[in-house]
Amino acid sequence: MRYYIIAGEASGDLHAANLMHELKNLDKDAEFRVWGGDLMQQQGGQIVKHYKELAFMGFVEVLMNIRRIKSNFELCQTDLLDFKPDILILVDYPGFNLRMAKFAKENNIRTYYYISPKIWAWKKSRAWKIKKYIDKMFVIFPFEKKFYKQYNYEVEYVGNPLIDELKKKKEHLPDKETFLKRNKLSDKPIIALLAGSRKQELKYILPEMLKVMEHFHEYQFVLAGAPGFDVEVYRPYIEKYPVKLIFNQTYDLLKHAKAAIVTSGTATLETALFNVPQVVVYKMNRLTYEVGKYFIKPKFFSLVNIVMDRTIVQELLQKDLPQKITDELSKILYDEQYCYQMLESYKELQNIIGDSGASRRTAEIIYSDLNS
């Protein structure tokens, strides 16, 4: 079978790569043409565009890059038709992928969506587009089935692929002594910085995180480098701070961290699944924020709170972030009862998310459908 897969960011690359692995186990003749990253390429995907060239977030950033976005979309249309896939698989990344879903539908290409866009948090009207253009939707949170049922649209709940990834990686994570030695770290307790995987996030959020360091001299701060970036991307931000930058060790870091400051996104859920107390932050271009707050009013913006439908971790947005982060981090580090309550809520979260096997279940359904 011929599979065309589009993932527009690091987390999508990870989950799409795991799906490709499971599809290959079922389909020995699988051919993959992909928009994604290094992990998808390692699974045999022929890359058309790397996700590093696709990540534009916010009104202002999209407007500034409108020609590139249009060019990427036209390239994808042409390439999709030339490849003649048996199926198009879209992974999250709704701004681009929902447009491609419409195009695919108009050209009689079967289209499946793996990992629903978070339309239940904002832009709920997109559910009508999904119902119209997506032949099958695979969701990774139990409450998403109920959400889509409001639109008379049946979806497949397959479990959360993060559970698969964590289960696989945890078996090979180093002990603390090995981790500290490998990265030339001291024996001070670690505060992990997960600043996001997009350049806009580094620009607006990382400087705010780093300003907090002066208040916690008894801790060492370790920054997780994002996939696809190198040290030169980070150098302008970190050169004046005693922060340690490490790459390809995010889960190693979370295993040994005392606490974490996390940019809103998949990383908030990963941090919770490692039982690391966290404070969640987000900041964007000021104009994007001012315009967006009138149109997008989600109850929560971190996955941890969205899944639990209540405040488990504090969400800090846009203004006065260094002081707010300092205050919240102090409560996490020095108020034992406060920290205990967060960790107890994490246990509930893990029960809700469920067991492993999401990638395998999704691959089995796709392959069965293609052969029916």
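For (1) under 22 Å from Gln150 (Cα atoms); (2) modelled with pLDDT of 95 or more; (3) of a type in the set (Phe, Trp, Tyr); (4) touching a Pro at 6+ places or on another chain (Cβ under 6 Å), each residue gets a yes or a no:
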| position | (1), (2), (3), (4) |
| --- | --- |
| Phe83 | no, yes, yes, no |
| Lys105 | no, yes, no, no |
| Thr111 | yes, yes, no, no |
| Ile119 | yes, no, no, no |
| Tyr133 | yes, yes, yes, no |
Residue pairs, Cβ under 8 Å, 6 or more apart or interchain, first in region 72-87 and under 10 Å from Tyr4 (Cβ atoms) and in contact (Cβ under 8 Å) with a residue 60 or more places away in the chain, second of a type outside the set (D, E, K, R) and part of a loop (DSSP other than H, G, I, E, B). List them.
Leu80/Asn107; Leu80/Ile109; Pro85/Ile109; Asp86/Met1; Ile87/Met1; Ile87/Ile109
Residue satisfying condition, being over 22 Å from Gly225 (Cβ atoms) and touching a residue at least 40 places away in the same chain (Cβ under 8 Å), within set Lys184, Lys118, Lys124
Lys118
Screening Leu254, Leu223 for residues that are modelled with pLDDT of 95 or more, within 17 Å of Gln278 (Cβ to Cβ) and assigned to a helix (DSSP H, G or I) leaves only Leu254
All positions within region 284-314 that are at pLDDT below 90, surrounded by fewer than 24 Cβ atoms within 10 Å (Cβ to Cβ) and not in a helix (DSSP H, G or I)
Met284, Asn285, Ile296, Lys297, Pro298, Lys299, Phe300, Phe301, Asp309
Name the single residue that is surrounded by the fewest Cβ atoms within 10 Å (Cβ to Cβ) among those in region 178-207 being within 17 Å of Ser11 (Cβ to Cβ) and polar (S, T, N, Q).
Gln200
Across region 33-45, which residue is surrounded by the most Cβ atoms within 10 Å (Cβ to Cβ) among those that are part of a strand (DSSP E or B) and touching an Asp or Glu at 6+ places or on another chain (Cβ under 8 Å)?
Gly36
By residue number, the members of region 316-330 that are assigned to a loop (DSSP other than H, G, I, E, B) and either under 16 Å from Leu206 (Cβ atoms) or in contact with a strand residue (DSSP E or B) (Cβ under 6 Å, 6 or more places away or on another chain) (or both) are Gln318
Looking at region 196-203, can you tell me whether even one residue there is of a type in the set (A, V, I, L, M, F, W, C) and at pLDDT 95 or above?
no
Output for region 222-270, where each listed residue is at positive phi and polar (S, T, N, Q)
Asn248
Given the conditions (1) out of contact with any helix residue (DSSP H, G or I) (no Cβ under 7 Å at 6 or more places or on another chain); (2) modelled with pLDDT under 95; (3) crowded, with 20+ Cβ neighbours inside 10 Å, report the number of the one that Trp128 does not fulfil.
(3)
Taking region 75-111 only, how many residues are under 20 Å from Leu23 (Cα atoms) and over 19 Å from the mean Cα position of the chain (by Cα)?
10
Quickly run through region 174-218 and pick out the residues that are within 24 Å of the chain's Cα centre (by Cα) and acidic (Asp, Glu).
Glu201, Glu208
Restricting region 317-343 to residues that are of a type in the set (Lys, Arg) and at pLDDT 95 or above, the residue that is farthest from Glu218 (Cα to Cα)
Lys324
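The values are calculated or read from the model by the stated rules, or taken from the named source; none is laboratory data. If you're wondering where the values come from, they're calculated on a predicted model, not measured in any experiment. With ideal geometry, Cβ positions are generated from the backbone for all residues, glycine too; neighbour counts draw on all protein chains shown.
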